[in-house]
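Before any comments, here is the structure.
The values are calculated or read from the model by the stated rules, or taken from the named source; none is laboratory data. Computed from a prediction, not measured in an experiment: that's the story for all the values here. Cβ: placed from backbone, ideal geometry, glycine included. Neighbour counts: every protein chain shown. Side chains included, ligands, DNA and RNA excluded: accessible areas come from the protein's heavy atoms. Shrake-Rupley method; radii C 1.70, N 1.55, O 1.52, S 1.80 Å.
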Amino acid sequence: MDDLNALADEHLAAARADAHGRSAHLLLRQVPLRQTVIALTEGSALDEHNAPPAASLQVLRGAVRLTAGSGDVDLRTGALHPISRGRHGLLALEDAVVLLTAVND
């Protein structure tokens, strides 16, 4: 069993040491389900990309902005938000760690 708090600490430290301000860890891969812990330092982003058929984003630490054509959403620690199909991106408003859960076809 993985400890999300320990993973958040580990990957936030790695993101702070990374030139791009990011670190990620594939936590679970049981086709079609995938869960990934992603850490971003303030101002770092994941560029716009296509969403999988079904996905959600849970903020474990900090604050992020989920950007999408349908509108941006700011999320803080504890928030759980569905990700709509279509293109989207992620911007760290402050140092943040999120859990991305995705279901692929």
When all C-alpha to C-alpha distances in the chain are sorted into bins of 5 Å, what percent of pairs does each bin hold, rounded to whole numbers? 3, 14, 24, 27, 20, 10, 2, 0
For GLU42 and LEU80, extending 7 Å from Cα along the Cα-Cβ vector and measuring point to point gives, in nm, a value of 2.9
Can you list the residues, at least 5 places off or on another chain, whose amide H is less than 5 Å from the amide H of ILE83, using H built in the peptide plane? ALA55, SER56, LEU57
What's the ranking of 58-69, 13-24 by average number of surrounding C-beta atoms within 10 Å, highest first? 58-69, 13-24
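If you stretched the chain out fully between ASP105 and LEU33, how much longer would it get, using 0.36 nm times the residue separation minus the C-alpha to C-alpha distance?
Once the chain is fully extended between ASP105 and LEU33, it gains 25.0 nm.
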What distance in nm separates the simple spin-label points at ASP72 and GLU10, each placed 7 Å from Cα in the Cβ direction? 3.3
Return the tail of the calculated pair distribution for segment 24-80, meaning the percent of Cα-Cα pairs more than 20 Å apart. 26
May I ask you to give the solvent-accessible area per residue for segment 35-98, in square angstrom, as obtained with a 1.4 angstrom probe? 47
